[in-house]
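K.L.:
Pasting a structure below so you can have a look.
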Amino acid sequence: MDESFAWLGSLPALVMLSAAAIAEVLAYYIPVVDNLLDTLATPAAFVAGTILSAAVMIDAPPMVKWTAAVVAGGGVAGLTKGMTAILRGHSTVLTGGLGNFIIATAELGGAALLSFLALAAPTVAIALVALFLFAAVRLLRRRFRGAKSSDGRM
């Protein structure tokens, strides 16, 4: 790990990040609070993904390191969080927020599964992330094409 990010491995950082993660998971089970968290967490996911990706790229030149961190780490984290925020928003509209616990549980399970796979079977984890990103991009394209055609513009 890059020495400027060594603090991430300290005990105080572990305690604070663990407490924040537990509070966030619990808050996603409270209707309305979950939507507010999505509003705050989506841009934060991009920043966190960028920082964590840069932290593990130790031998890359700075320009390559930060470009890759923004695109790979920030982009993947931002797209993933953005998609769950969109899904949770639709669930809020359709169920009044009462169905959002299903999305929160799926999000928690998916994060736990991918974390485990990243350690136990990294190739499988990468394949699942690539599959998710492919599906997310297709869904977004379809959604925006549908929005254009309903506006009467092409």
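Read the figures in this text as sums done on the coordinates, not as results from a lab. Not measured: the values here are computed from a predicted model. Please note: Cβ atoms are built from the backbone with ideal geometry, for glycine as well, and neighbour counts cover all protein chains shown.
K.L.:
Treat each spin label as a single point 7 Å out from the Cα along the C-beta direction, and report the Thr105 to Ala23 distance in nm.
P.N.:
Output for this residue pair reads 2.6 nm.
K.L.:
Same structure again: Considering every Cα-Cα pair within region 68-154, what fraction, in whole percent, is farther apart than 14 Å?
P.N.:
On the way: 2756 of 3741 pairs.
Of all Cα-Cα distances in region 68-154, 74 percent exceed 14 Å.
K.L.:
I would also like to ask the following. With the crude spin-label approximation of a point 7 Å out along Cα→Cβ, what separation in nm comes out for Leu128 versus His90?
P.N.:
With each label placed 7 Å out from Cα toward Cβ, I get 2.2 nm.
K.L.:
For Cα pairs less than 8 Å apart in space and 6+ apart in sequence, what is the mean separation divided by the residue count of region 3-151, i.e. the relative contact order in percent? Provide the component values of the computation, followed by the final result.
P.N.:
Values: 100 pairs, mean separation 30.3, N = 149.
This gives 20 percent for region 3-151.
K.L.:
Under a point-charge model restricted to the Cβ atoms of Lys and Arg (+1) and Asp and Glu (-1), what is the dipole moment magnitude of region 1-115 relative to its Cα centre, in debye to the nearest 20? List each step's numbers first, then the result.
P.N.:
Details: 3 positive and 7 negative charges, 39 e Å.
Once rounded to the nearest 20, the dipole reads 180 debye.
K.L.:
To continue, here is another question. Write out the trypsin sites (Lys or Arg not before Pro) in region 69-154 meeting two conditions: DSSP loop, and at most 15 other Cβ atoms within 10 Å of their Cβ. Walk me through the numbers on the way to the answer.
P.N.:
Working: sites: Lys81, Arg88, Arg138, Arg141, Arg142, Arg143, Arg145, Lys148, Arg153; in loops: Arg153.
Passing both the DSSP loop test and the Cβ count: Arg153.
K.L.:
Could I have the simple spin-label model distance between Leu14 and Leu119, label points 7 Å from Cα toward Cβ, reported in nm to one decimal?
P.N.:
Those two pseudo-labels are separated by 1.2 nm.
K.L.:
I would also like to ask the following. Give the residue from Leu128, Ala60, Ser4 lying farthest towards the positive end of the charge dipole for region 3-151; charges sit on Cβ (+1 for Lys and Arg, -1 for Asp and Glu) and the dipole is referred to the Cα centre.
P.N.:
It is Leu128, whose Cα lies furthest towards the positive end.
K.L.:
Compute the acute angle (0 to 90°) between the alpha-carbon long axis of helix 100-120 and the principal axis of greatest extent of the alpha-carbon atoms of the chain; round to the nearest 10°.
P.N.:
30 degrees
K.L.:
Give the value in nm², to one decimal: projected area of the alpha carbon convex hull of region 1-80, averaged over all directions.
P.N.:
Details: hull surface 22.3 nm².
For region 1-80, the mean projected area of the Cα convex hull comes to 5.6 nm².
K.L.:
Okay, next question. Extension gain Ala112-Arg138, at 0.36 nm per residue separation less the Cα-Cα distance, in nm? Intermediate results must be reported in sequence, preceding the final value.
P.N.:
Values: separation 26, 0.36 × 26 = 9.36 nm, distance 2.46 nm.
Taking Ala112 through Arg138 to full extension adds about 6.9 nm, to one decimal.
K.L.:
Find the eigenvalues of the gyration tensor of the Cα atoms of region 3-151, then list the square roots of 5 times those eigenvalues as equivalent ellipsoid semi-axes, largest first, in whole angstrom.
P.N.:
Semi-axes from the Cα gyration tensor: 28, 21, 15 Å.
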